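First the structure, in the form of structure tokens, and then the observations on it.
The values are calculated or read from the model by the stated rules, or taken from the named source; none is laboratory data. Keep in mind it's a predicted model, so treat the numbers as computed, not measured. FYI the Cβ positions are ideal-geometry reconstructions off the backbone, even for glycines, and counts take in every protein chain you see. All accessible areas refer to the heavy atoms of the entire protein, side chains included, with ligands and DNA or RNA removed. Shrake-Rupley method; radii C 1.70, N 1.55, O 1.52, S 1.80 Å.
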Amino acid sequence: MGEKAKGFFVTGDPLIYGADVSIIITLLGILVFLTYFKKWGWLWSEWLTTVDHKKIGIMYLVSSLLMLFRGGVDALLMRMQLAMPNTHFLQSQHYNEIFTTHGTIMILFMAMPFMFALFNIVIPLQIGARDVAYPFLNAMSFWLFFFGALLFNLSFVIGGSPDAGWLSYPPLSELAGSPGPGQNFYIWGIQISGIGSLATGINFLVTILKMRAPGMKLMQMPLFTWSVLSSCITIIFAFPVLTVTLALLFVDRFFGAHIFTAASGGNPMMYVNLIWMWGHPEVYIVVLPAFGIYSEIVSTFSKKKIFGYKSMVFSMIIISVLGYFTWVHHFFTMGAGADVNTFFAITTMAIGIPTGVKIFNWLFTMFRGRITMTQPMLWTLAFIPCFLVGGATGVMLAAAPADYQYHNSYFLIAHFHQTLIGGVVFGYLAGLYYWWPKMFGFKLNDRIGKWAFWTWNIGFYVCFMPQYALGFMGMTRRVYTYGWDMGWAPYNLVSTAGAFLMGIGFIFQVWQILYSIKHGERDLTGDPWNGRTLEWSIPSPAPHYNFAHLPAVRSDDSWWDMKKHRYGAAGQDEIKEYAPIHMPKNSGIPFLMSACWFVAGFGLTFEWIWLGIAGLAGIGICLLARSFQRNTDYYIPVDEIKRTEASIGRVV
Amino acid sequence: MGVSENHGSAKTYILGFLFSLILTAIPLWLVIQHVMSKTVLTVTILLIAVLQLIIQFFFFMHIRDGEKPRYHVMALVLGAVMVFTIVAGSIWIMTFNSQVH
């Protein structure tokens, strides 16, 4: 570390030089492309300043797939290091940095934005709204995430990556343990994007409560909307804890306080306690929307109403609240005493009950349904057994006395990868395949998709099943290398092979997207899956204003009901007069203000106070400028609506 | 989308801001001047914090306004439960040193 803290640019590792070169080539490529094709104006007015939830969703999606690539490369590097005993493929310092950034990136900069992508693209369409409640704030959230992620990712070529583990426990993350800027990159990258996450939580909670189509009661909302609502409740209560905890860590590092130091009256365990108060709800934040996605898909492709709608809603709300009362199971071994551990062991096991209810509801929905094996359905079917095993090992870990054996072993690693990949990633991928036609107007190729599905799935089990065994054999997480005498070598080699299979699965998916852009089956109806909810009642991709007429909802599964009883958008004779549509105007402030946050974060990371103050001043100016903006909305005139509707093949 | 919502006046915002400033300055002064014993000081700071919370509810967050579905009451009740969990839970968990005996 000491050597690395000296230089501004990270030096000495050929892998890093390779990264430097590829970053420069990619940047130059983008700059040349934009200039040569005169796309700068297009980029600014269509993307950087947009407040359209659909475009913001696509930007979230692209960023999260890029982050999936980076986090995945981190994973493969780790698996290469561990494939054989006594390997020195990576230096130990580099290995520490990679497992730290792998975890942080996969949760905060891959799962969260992937989830927000689906929130943005689907929720307004699904509840029959024309945008979110606060479109400007929505753009703000995206750009804060973007610049936060950029700041965090910069660390591996400038200044040095954080290396204190994905949750940065003190005393390792304190100034004495991590003197360089790496840990500051961690704090500011997460703080900046964290503001955006909190704002998104508020935004979608209000959107769902206040912007539903006329007639849509709460208990008629699609289950994905319900899952987003419950996830947002958890975001609102959990993210402030993260912000405060990291702010306190920053106070320790920047001002020399002793809140979490081991000396001078500080208490490092208080950090562990606080960070898991966010960290545990966080896993429910990301998995709840996945549950919503599975519910939509199972119902659509079984051609049946979801089984036990009310119990689905209640179980999600219970999970979102109960998820807040389990955090100590991450540090049973702290030794808080039998009563504390017992309480949190019971709450943890209790969470298995509503989750089990949901599993049974999905199975009963499929029971005697007419199931079509589409790609979204495949991922959903793969999820159920995978998550079941992940949940069962979770209950094993929840038994506090037994946890002393499993704690921080590869058993734990296998468990949480099984729930996070089998639950969250499979769910988001299922959602991606399901809503892809709605985003871009074409389906993703089936044949390549199946190759991707099977390599991902086989790769997953080959990678993680041996890790359960390794955990029992005593292999702890974060070990850098091991000897032949441990007997871990064959299992690790198999696990590495599985990781590479998953990597191949990802390459198949990239190929699938590129192939389908050219050859994918076009969706001309707007309803390629014979869907049940409102997003399928409008053309794909949805026009700028989403709904020319706000739909009048009469039942749950409202689009299915409209198709069955021939009313609303599915009726032939019901053509109402158009009215001008009220829409928000684009704004450059979210982009500029988030760029100022980036400058401030970069300054504070290197403790260049002048740059930090300059960035903060820029943020203040942007806030002021926005406060005095009056002209923030406009109306789309009727003939423009008519022209757009005619151009996408709708009866005017 | 209702248009009748009351967003408060400049006067209430400025008053609320001033009250908040005063209620922040008092504990700072108390800490710097060492006028109280440790326990009394902690309790006083906590009381002033709660007072400031109430001030902000009334002056900034329009707690008295509202329409039919009383979302802010639900949010506050849930918030109270969560805050209780964070504070009481942390105290309970972090007393682990004294439980051993």
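Before moving on, here are some points about what is shown:
- Taking 7 Å steps out from each Cα toward its Cβ at residue A:44 and residue A:576 produces label points 3.9 nm apart.
- Of the DSSP H helices in chain A, those whose Cα atoms cover at least 24 Å axially and whose Kyte score averages 0.0 or more: A:14-36, A:53-82, A:135-154, A:182-210, A:223-255, A:268-301, A:375-398, A:446-472, A:489-519, A:609-627
- Dipole magnitude of chain A, debye to nearest 20 (Cβ charges: Lys/Arg +1, Asp/Glu -1, about Cα centre): 1680 debye
- Partner lysines whose Cα lies under 20 Å from the Cα of residue A:39, excluding those fewer than 8 positions away in the same chain, are identified as A:55.
- Spin-label model distance (nm) - residue A:530 vs residue A:624, 7 Å beyond Cα toward Cβ: 6.1 nm
- Taking all protein chains into account, the per residue accessible area for the protein assembly as shown stands at 44 Å² (1.4 Å probe).
- Charge dipole of segment A:543-652 (Cα centre as origin; +1 on each Lys and Arg Cβ, -1 on each Asp and Glu Cβ, all else neutral): 100 debye, rounded to the nearest 20.
- Farthest towards the positive end of the charge dipole of the protein assembly as shown, among the residues A:618, B:81, A:608, is the Cα of B:81, using unit charges on the Cβ of Lys, Arg, Asp and Glu.
- Extension gain, residue A:522 to residue A:37, is 171.9 nm, computed as 0.36 nm per intervening residue step minus the present C-alpha separation.
- The mean sequence separation of alpha-carbon pairs under 8 Å and at least six residues apart, normalised by the residue count of segment B:7-65, gives a relative contact order of 53 percent.
- Using a simple spin-label model with pseudo-atoms 7 Å out from Cα toward Cβ, residue A:219 and residue B:96 lie 4.4 nm apart.
- Restricting segment A:343-417 to trypsin sites (Lys or Arg not before Pro) in coil, as DSSP defines it, with at most 10 other Cβ within 10 Å: A:368, A:370
- Take the accessible area of chain A alone and of chain B alone, subtract that of the pair, and you get about 1800 Å² summed over both chains, using a 1.4 Å probe.
- For segment A:435-594, the Stokes-Einstein estimate of translational diffusion at 10 °C and a viscosity of 1.306 mPa s comes to 78 µm²/s, using the Kirkwood hydrodynamic radius over alpha-carbon pairs.
- Proximal aspartates and glutamates relative to residue A:310, as straight alpha-carbon distance under 14 Å, when same-chain residues fewer than 8 apart are discounted: A:556, A:557
- For residue A:635, the solvent-accessible surface computed with a 1.4 Å probe is close to 140 Å², ligands and nucleic acids excluded.
- Three-way shape call for segment B:7-65 based on the alpha-carbon gyration tensor, with the a/c threshold at 1.5: oblate
- Cβ-derived FRET efficiency at R0 25 Å, residue A:257 paired with residue B:37, nearest 0.05: 0.65
- Calculated diffusion of the protein assembly as shown, Stokes-Einstein form, Kirkwood radius summed over Cα pairs, 20 °C and 1.002 mPa s, µm²/s: 78 µm²/s
- Taking a Cβ cut-off of under 9 Å around residue A:304, the surrounding Lys, Arg, Asp and Glu residues balance to a net charge of +4, with basic ones at +1 and acidic ones at -1.
- Taking a sphere under 12 Å around the Cβ of residue A:49 and counting the other residues whose Cβ falls inside, with K and R at +1 and D and E at -1, yields a net charge of 0.
- Helix-only [θ]222 nm of chain A, DSSP H runs n ≥ 4, -39500 (n - 2.57) each, per residue, nearest 500: -21500 deg cm²/dmol
- In the assembled protein chains, residue A:522 presents an accessible area of approximately 110 Å² (probe radius 1.4 Å).
- Using a probe of 1.4 Å on the protein chains alone, the accessible area found for residue A:219 is around 70 Å².
- Mean Cα-pair separation over length for chain A, i.e. relative contact order, pairs under 8 Å, 6 or more apart, %: 16 percent
- FRET efficiency for the pair residue A:493 and residue A:447, taken as 1/(1 + (r/R0)^6) with r the Cβ-Cβ distance and R0 = 35 Å, rounds to 0.65.
- Flagged links, alpha-carbon separation over 31 Å, of A:304/A:585; A:210/A:564; A:54/A:450; A:217/A:438; A:438/A:642; A:210/A:585: A:304/A:585
- If you plug the beta carbon distance of residue A:27 and residue A:172 into 1/(1 + (r/R0)^6) with R0 = 35 Å, you get a FRET efficiency near 0.60.
- Seen from residue A:508, the other residues with C-beta closer than 15 Å to its C-beta sum to a net charge of +1, counting Lys and Arg as +1 and Asp and Glu as -1.
- Note on B:81-89: average number of Cβ atoms from other chains within 10 Å of each residue's Cβ is 4.
- For residue B:11, the aspartates and glutamates whose Cα comes closer than 20 Å to its Cα, not counting residues fewer than 8 places off in the same chain, are B:65.
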